[in-house]
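The values are calculated or read from the model by the stated rules, or taken from the named source; none is laboratory data. Quick caveat, the model's predicted, so the values are computed rather than measured. Backbone-built Cβ (ideal geometry, glycine too); neighbour counts: all protein chains shown.
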Amino acid sequence: MQVAGTFAVVASLIFVGLEMRQTQEISMSNAHYQYQQGFVSQEFWDSALASVRFQMSNPLARAIILEKVERGVRPDFRDVVIGIDEELKSASGK
């Protein structure tokens, strides 16, 4: 019984984490659009990019982000994420 309860808690935490990540990805795409339209400053966008780079430094998060980007975000934001992926690959020598 304890094992089932523990499994349920872990599964719910994973689900919540994935939902939070999805929400953040949507907000990042909206931030990119706002940056392109001139509604947010360069400093704000640089900070947002640093956040994406930090998240993508985790291999699991990187795979999830790349998968979601390929499934459906604006093409110009997808290009930004792919560019970050390429930067990280070249920095790690892979």
Filter result (in contact (Cβ under 8 Å) with a residue 40 or more places away in the chain and not in a helix (DSSP H, G or I)) within the stretch 58-94: Val73, Arg74
Residues (in a loop (DSSP other than H, G, I, E, B) and on the phi < 0 side of the Ramachandran plot) located in the stretch 36-52: Gln37, Phe39, Val40, Ser41
Set Glu25, Glu87: member being acidic (Asp, Glu), surrounded by 12 or more Cβ atoms within 10 Å (Cβ to Cβ) and at pLDDT 85 or above: Glu87
Any pair with Cβ under 8 angstrom, 6 or more apart, that starts in the stretch 35-48 at a residue that is at pLDDT below 90 and ends at one that is among the charged types (D, E, K, R): Gln36/Asp76
In the stretch 68-94, the residues that are touching a Lys or Arg at 6+ places or on another chain (Cβ under 8 Å) and aliphatic (A, V, I, L, M): Val69, Ile84, Leu88
Residues of the stretch 35-75 satisfying the condition of being under 16 Å from Glu87 (Cβ atoms) and among the β-branched types (Val, Ile, Thr): Val52, Ile65, Val69
